[in-house]
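Beneath this line is the structure, given in structure tokens, with notes to follow.
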Amino acid sequence: MDKSTPNDPVAGLVDIPLPAEVSLWPQTWASWIVIALLIVGLIVTTIWVVRRWHANRYRRAAIAELDRIMQGQPTTGALELLVRRMALAEFPRETIAPLAGTAWLSFLDETYGGQEFSQGAGRALALAPYAPAGTGDVAPLAELVRRWIRTHHA
């Protein structure tokens, strides 16, 4: 049978025109403002995170030093020296250098936000320069020093 016969119902069909493709770009000015604000917010957040990470380098180094101290023969003198070096890195030398005894412990309490240095395990730091090496359990003091390193504030 011949397909071009006048009785063929498919021969006269025409393709349906398709609509234009939908754009993935936002169409309104409000959408553009929201996108711009999201981009600015992402940039500001990234800058803040990078600055905070760089500002806390000394904390990461001090935690690593504390871990090295605890792997060897930990002494209160070594922990006191670490805390003193940390304080000198963060606070003005004129403020930290003259502190000793209860004034030093009070300073640590103020920057830590508690009383654990002047009334708890931290009291050993005031006596560290005068105590013989290797006396007492330093684990509670080391844990307090670790918390101070992580949470102290100016």
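Restricting attention to helices (runs of 4 or more DSSP H) lying wholly within segment 44-154, give those where 1 or more residues are of a type in the set (Lys, Arg).
On the way: elements: 57-71, 76-90, 93-96, 101-112, 116-119, 123-127, 139-151.
Fully inside segment 44-154 and qualifying: 57-71, 76-90, 93-96, 123-127, 139-151.
Okay, residues lined up against (1) surrounded by 16 or more Cβ atoms within 10 Å (Cβ to Cβ); (2) within 15 Å of Leu144 (Cβ to Cβ); (3) modelled with pLDDT of 90 or more; (4) not charged (D, E, K, R):
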position: Arg52; (1), (2), (3), (4): no, no, yes, no
position: Ala61; (1), (2), (3), (4): no, no, yes, yes
position: Leu66; (1), (2), (3), (4): yes, yes, yes, yes
position: Arg85; (1), (2), (3), (4): no, no, yes, no
position: Ala89; (1), (2), (3), (4): no, no, no, yes
position: Arg93; (1), (2), (3), (4): no, no, yes, no
(request) Of the numbered conditions (1) under 30 Å from Ala78 (Cα atoms); (2) surrounded by 11 or more Cβ atoms within 10 Å (Cβ to Cβ), Ser31 fails exactly one; give the number of that condition. (result) (1)
(request) Considering (1) among the hydrophobic types (A, V, I, L, M, F, W, C); (2) buried (at least 16 other Cβ atoms within 10 Å of the Cβ); (3) over 15 Å from Leu127 (Cβ atoms), say which one Leu99 fails and leave the rest. (result) (3)
(request) Select from segment 10-53 the residues that are closer than 27 Å to His153 by Cβ and aromatic (Phe, Trp, Tyr) and write down the one among them that is nearest to the chain's Cα centre (by Cα). (result) Trp53
(request) Output yes when any residue across segment 131-144 is in contact with a helix residue (DSSP H, G or I) (Cβ under 9 Å, 6 or more places away or on another chain) and among the polar types (S, T, N, Q), and no when none is. (result) yes
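The values are calculated or read from the model by the stated rules, or taken from the named source; none is laboratory data. Every value quoted in this text rests on a predicted model; they were computed, and no experiment measured them. Neighbour counts run over all protein chains shown; Cβ positions are idealised from the backbone, glycine included.
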